[in-house]
Amino acid sequence: MISGVNVKNRFRRIIYVIYETAMTLIAIFIPKYFLVKKAKTIIKDKLYPWADGIEFYLSGRSALADVFNAISERKIGDTVLIPDYVCNILHRTITTEGLAVETYHVDENLLLSLDEIEDKVKNSNISAIVLASIFGSQNNGTDILSRIRQINEDVIIILDECQNVILDNHIELIDKCLVVNSFNHKNIQGLMGGCVCYTDNFLNLNSSKATFRTIVRSEVLMVAIFMIRNLRNLMQAIGLLIENRMKYSDPKLEYSFCERFPYRVDIEPITKISLCSAIREMLHIQNTEDKRKRNYLFFTHMVVREDIGELITTERADVSPYIPIRLSDEKAFGKLPLKGPYAFENDQNSTAHPNIFSIMNDCHITFDEFEEKHREKKDCH
């Protein structure tokens, strides 16, 4: 039987999905110029006060594509350094723009080794390095950026913050450095979209490179995706209320790998509906972080009590969209929103860290509901 608190939470979820759909569809009638201006103001106020320039893209992948396209055209080095444990779409975006990829190792706590980085950035063929902060790890400190710049004055430093859009981020850019982030269901709870933030547009980035036909196609497609996603979310919320149904896929079957479709890496501007969704969620980012912190605290106790694994300690796992964990008990498969280890782009059956799984902390379903489901199952035996 569902507790009274969770019945109330699930009713709220249904109302929220309906409200979100209505308000976003109304907002898309606002001229895009004003939406872009509003989004830039929020980003400067809440996230990156140093951001003198911001470009908005169809997705985080699209933002990265423009960055690597500009780097390729500079013809200063032909290789990009990236972590060996990261979403394979990063590798694909780099090679699509005609650049080579070289990896550096991140440890079991998803932190880089500055000694290895220093050794590799000495190579004159290195045009850029990507520092990714995933699962709450913070590979974006000023000390890291400064040491890289001391070794190589020309290398471009890209902070991949697509999973690390947090309020108290302490990021301070140096020269030839920029931040890439995204608005999707992972971090900023938006539909899709990405942006590049910088103090100096040294790469001459421009998100408005697509044809009018392509832009219209993307606008129509994203409205359709938005409606389908929210209809699915509504049906899921109703299903949880009626049947207490909560099932998730089994990550043992495959590693996390982004296929060729629909993960395109074309350079296109953000759509209006994605921008509306991102603005709405950025305005409530404090509330999102508060919910994630509560979930993280509860899940920390749940992991110990149920003996399902070991949480991987990272600096900001409490507000990360994914909580890293090493599983010790297969009973968690199919019961929690697990994400499998990141696979390599060239071998989707291999990974640098096969023991690292992650739990999605999406703020909409609280972990006490997972425990309630688990408890009911034990009571039936």
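The values are calculated or read from the model by the stated rules, or taken from the named source; none is laboratory data. Everything quoted here is computed from the prediction, not taken from an experiment. We place every Cβ from the backbone using ideal geometry, glycine too, and count neighbours over all the protein chains shown.
Assess whether Arg149 counts as being surrounded by fewer than 21 Cβ atoms within 10 Å (Cβ to Cβ) and farther than 30 Å from Leu81 by Cβ.
On the way: surrounded by fewer than 21 Cβ atoms within 10 Å (Cβ to Cβ): yes; farther than 30 Å from Leu81 by Cβ: no.
It is false that Arg149 is surrounded by fewer than 21 Cβ atoms within 10 Å (Cβ to Cβ) and farther than 30 Å from Leu81 by Cβ.
Could you grab me the full set of residues in region 128-159 that are among the polar types (S, T, N, Q) and more than 22 Å from Tyr342 (Cβ to Cβ)? Within region 128-159, Thr142, Ser146, Gln150, Asn152 meet the criteria.
The set of residues from region 83-141 being touching a Ser or Thr at 6+ places or on another chain (Cβ under 6 Å) and over 23 Å from Thr313 (Cα atoms) comprises Glu97, Gly98, Leu99, Ala100, Glu102, Asn125, Ile126.
Regarding Ile166, is this residue modelled with pLDDT under 90, of a type in the set (A, V, I, L, M, F, W, C) and either assigned to a loop (DSSP other than H, G, I, E, B) or under 23 Å from Glu289 (Cβ atoms) (or both)?
Details: modelled with pLDDT under 90: yes; of a type in the set (A, V, I, L, M, F, W, C): yes; either assigned to a loop (DSSP other than H, G, I, E, B) or under 23 Å from Glu289 (Cβ atoms) (or both): yes.
It is true that Ile166 is modelled with pLDDT under 90, of a type in the set (A, V, I, L, M, F, W, C) and either assigned to a loop (DSSP other than H, G, I, E, B) or under 23 Å from Glu289 (Cβ atoms) (or both).
Out of the residues in region 102-127 meeting the condition of being within 21 Å of the chain's Cα centre (by Cα) and aliphatic (A, V, I, L, M), tell me which one is surrounded by the fewest Cβ atoms within 10 Å (Cβ to Cβ). My answer is Leu111.
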